[in-house]
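*Asks:* Quick one: this structure, given as structure tokens, is what I'll be asking you about.
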Amino acid sequence: MRAVTFQAPGEVRVDEKPDPVLGAADDALVRVEASGICGSDLHIFHGRVPVEPGFTIGHEFVGTVIETGADVERVAVGDRVLGCFHTACATCVACLRGDYHRCERGQTFGHGSKLGDLQGAQAELLLVPRANLTLRRVPEGMSDEVALFAGDVMGTGFHSVVHAGMRSGDTVAVLGLGPVGLCAVQAALAGGATKVFAIDSVAKRLAMAADFGAVPVHLTEEEPKRVVRTATDGRGVDVVVDAVGDPGPLEMAISLARDAGTVSGIGAYAGRGEVLLGLAWLKGLTLRLGLANVIAHVDRVLALIEAGKLDPSPLVTHHMKLDEAAEAYALYDNREALKIVLTP
């Protein structure tokens, strides 16, 4: 089979690799029909997340089940399915709490040996462990490119506001309008936020957020803190979502939140950083960070997409072939694409 592999920082290529085979009774094999390039893939691309050369990358996928182990009950051969970006065992202490993203035996697709040694989804075929929990049937009539979002990007945007405890009537600010940030904008509005401030420096992304119903705020041409404080009688917003994953935006998030508000850091943080912890302490803020608990949310996210309450389709700007992966990564890295969908 063909698969996109990491070679070195700044270099991916398409290799021929052996077809995967079932290894456990709850495994499934999926013929991948669409996969996505995600912002967290860029951490791998640039070497910030260590992945072994030759490892297949990618963690977003939609496809058809072609083989299952004896214990797979929730999907069957021939089913069109989407996958969550990570697996979970359903039986460890974390899973029994519902914290599937902290599963003691969890694996993340396409992130190398340090995150479970599970080969990635930017390939023609994919081995899916824990298939009963990892896979969901795609609702009838839902396109591949829309279903693709439920198992990661829209699930992550949804998690960012649910994890923050956002309630109907709250005000929200979203920092960073990549796909996750734009999905967070949609999720906040669908959840009843009365006003969502969408902050970025890319005009097209600001315009898209405005189309969704948010208040666009240019990061450098305006003063986000002044805009937000003016619109909230000087208080700040109830919830701030940092969808960038960097100390700079996190520091801004702390400044935008109201006293006793919540900052939800959903961006993929890497390395060390400095933030104004003293200000966060003085304001009595709640900081909620970490990977998205997509498995816990995927069924609700799918239902909201099917009902038209969430719609990720405007975010897809490029459709490219698997063989064009190197070009696709270059486009994405240069911010010339918002969301790229790869097909075999």
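The values are calculated or read from the model by the stated rules, or taken from the named source; none is laboratory data. Please read all numbers here as calculations on a predicted model, not as lab measurements. Note: ideal-geometry Cβ built from the backbone for every residue, glycine included; neighbour counts use all protein chains shown. The accessibility values were calculated without ligands, DNA or RNA, using every heavy atom of the protein model including side chains. Shrake-Rupley method; radii C 1.70, N 1.55, O 1.52, S 1.80 Å.
*Asks:* Tell me the residue from L206, L250, L189 that is of a type in the set (A, V, I, L, M), open to solvent by 10 Å² or more (accessible area, probe 1.4 Å) and touching a Pro at 6+ places or on another chain (Cβ under 8 Å), please.
*Replies:* Details: L250 fails: touching a Pro at 6+ places or on another chain (Cβ under 8 Å); L189 fails: touching a Pro at 6+ places or on another chain (Cβ under 8 Å).
Answer to the selection: L206.
*Asks:* Output the residues belonging to the stretch 313-344 that are among the β-branched types (V, I, T), within 17 Å of A203 (Cα to Cα) and surrounded by fewer than 17 Cβ atoms within 10 Å (Cβ to Cβ). Outline the logic, then answer.
*Replies:* In the first step, residues of the stretch 313-344 are kept if they are among the β-branched types (V, I, T); the result is 316-317, 340-341, 343.
Subsequent filtering for residues that are within 17 Å of A203 (Cα to Cα) retains 316-317.
Once the filter is applied, which keeps residues that are among the β-branched types (V, I, T), within 17 Å of A203 (Cα to Cα) and surrounded by fewer than 17 Cβ atoms within 10 Å (Cβ to Cβ), the stretch 313-344 yields only T317.
*Asks:* Now for a separate question. Filter the stretch 79-133 for residues that are surrounded by 17 or more Cβ atoms within 10 Å (Cβ to Cβ) and β-branched (V, I, T); which is nearest to V32 (Cα to Cα)?
*Replies:* Step by step, filter the stretch 79-133, then rank; the result is V81.
*Asks:* Here's a follow-up. Being free of Cβ contacts under 8 Å to residues at least 40 places away in the same chain, open to solvent by 50 Å² or more (accessible area, probe 1.4 Å) and touching a Ser or Thr at 6+ places or on another chain (Cβ under 9 Å) is true for just one of L277, L287, L282, L291. Which residue is that? Show your work before the answer.
*Replies:* Working: L277 fails: touching a Ser or Thr at 6+ places or on another chain (Cβ under 9 Å); L282 fails: touching a Ser or Thr at 6+ places or on another chain (Cβ under 9 Å); L291 fails: free of Cβ contacts under 8 Å to residues at least 40 places away in the same chain.
From the options L277, L287, L282, L291, the qualifying one is L287.
*Asks:* Of the numbered conditions (1) in a loop (DSSP other than H, G, I, E, B); (2) within 15 Å of the chain's Cα centre (by Cα), G308 satisfies every one except a single condition; which is it?
*Replies:* Unmet for G308, out of (1) in a loop (DSSP other than H, G, I, E, B); (2) within 15 Å of the chain's Cα centre (by Cα): (2).
*Asks:* Does V62 qualify as being in a loop (DSSP other than H, G, I, E, B), open to solvent by less than 10 Å² (accessible area, probe 1.4 Å), β-branched (V, I, T) and more than 21 Å from I266 (Cα to Cα)? Lay out the reasoning, then the answer.
*Replies:* Values: in a loop (DSSP other than H, G, I, E, B): no; open to solvent by less than 10 Å² (accessible area, probe 1.4 Å): yes; β-branched (V, I, T): yes; more than 21 Å from I266 (Cα to Cα): yes.
The answer is no for V62.
*Asks:* Quick one: in the stretch 216-248, of everything that is of a type in the set (V, I, T) and in contact (Cβ under 8 Å) with a residue 60 or more places away in the chain, which residue is farthest from G265 (Cα to Cα)?
*Replies:* As a first pass, look at the stretch 216-248 and keep what is of a type in the set (V, I, T): 217, 220, 227-228, 230, 232, 237, 239-241, 244.
If we keep only those that are in contact (Cβ under 8 Å) with a residue 60 or more places away in the chain as well, we get 232, 237, 239-241, 244.
Working: T232: 22, V237: 15, V239: 11, V240: 8, V241: 6, V244: 8 Å.
Looking at the filtered set, the residue picked out is T232.
*Asks:* Sticking with this one: Please state which one of A198, A207, A268 is part of a helix (DSSP H, G or I), among the aliphatic types (A, V, I, L, M) and under 24 Å from the mean Cα position of the chain (by Cα).
*Replies:* A207
*Asks:* Here's another thing I want to ask about it. Evaluate the following for R300: is it touching a strand residue (DSSP E or B) at 6+ places or on another chain (Cβ under 6 Å) and charged (D, E, K, R)? Give the steps one after another, and end with the answer.
*Replies:* Working: touching a strand residue (DSSP E or B) at 6+ places or on another chain (Cβ under 6 Å): no; charged (D, E, K, R): yes.
No: the conditions fail for R300.
*Asks:* Which members of the stretch 2-19 meet the condition of being open to solvent by 30 Å² or more (accessible area, probe 1.4 Å), at negative phi and either free of Cβ contacts under 8 Å to residues at least 24 places away in the same chain or out of contact with any Pro (no Cβ under 7 Å at 6 or more places or on another chain) (or both)?
*Replies:* Scanning the stretch 2-19 gives R2, P9, E11, R13, V14, D15, E16, K17, P18, D19.
*Asks:* If you check G120, G106, G78, which single one turns out to be in a loop (DSSP other than H, G, I, E, B) and touching a residue at least 40 places away in the same chain (Cβ under 8 Å)? Walk me through how you get there before you give the answer.
*Replies:* Values: G106 fails: touching a residue at least 40 places away in the same chain (Cβ under 8 Å); G78 fails: touching a residue at least 40 places away in the same chain (Cβ under 8 Å).
Of G120, G106, G78, the one residue that is in a loop (DSSP other than H, G, I, E, B) and touching a residue at least 40 places away in the same chain (Cβ under 8 Å) is G120.
*Asks:* Still on this structure, please answer the following. Please go through (1) in contact with a Leu (Cβ under 6 Å, 6 or more places away or on another chain); (2) open to solvent by 40 Å² or more (accessible area, probe 1.4 Å); (3) closer than 17 Å to A325 by Cβ for E33 and return the number of the only condition it doesn't satisfy.
*Replies:* The number of the failed condition is (1).
*Asks:* When V241 is evaluated against the numbered criteria (1) under 23 Å from the mean Cα position of the chain (by Cα); (2) part of a helix (DSSP H, G or I), which criterion, by number, is the only one it fails?
*Replies:* It is condition (2) that V241 fails.
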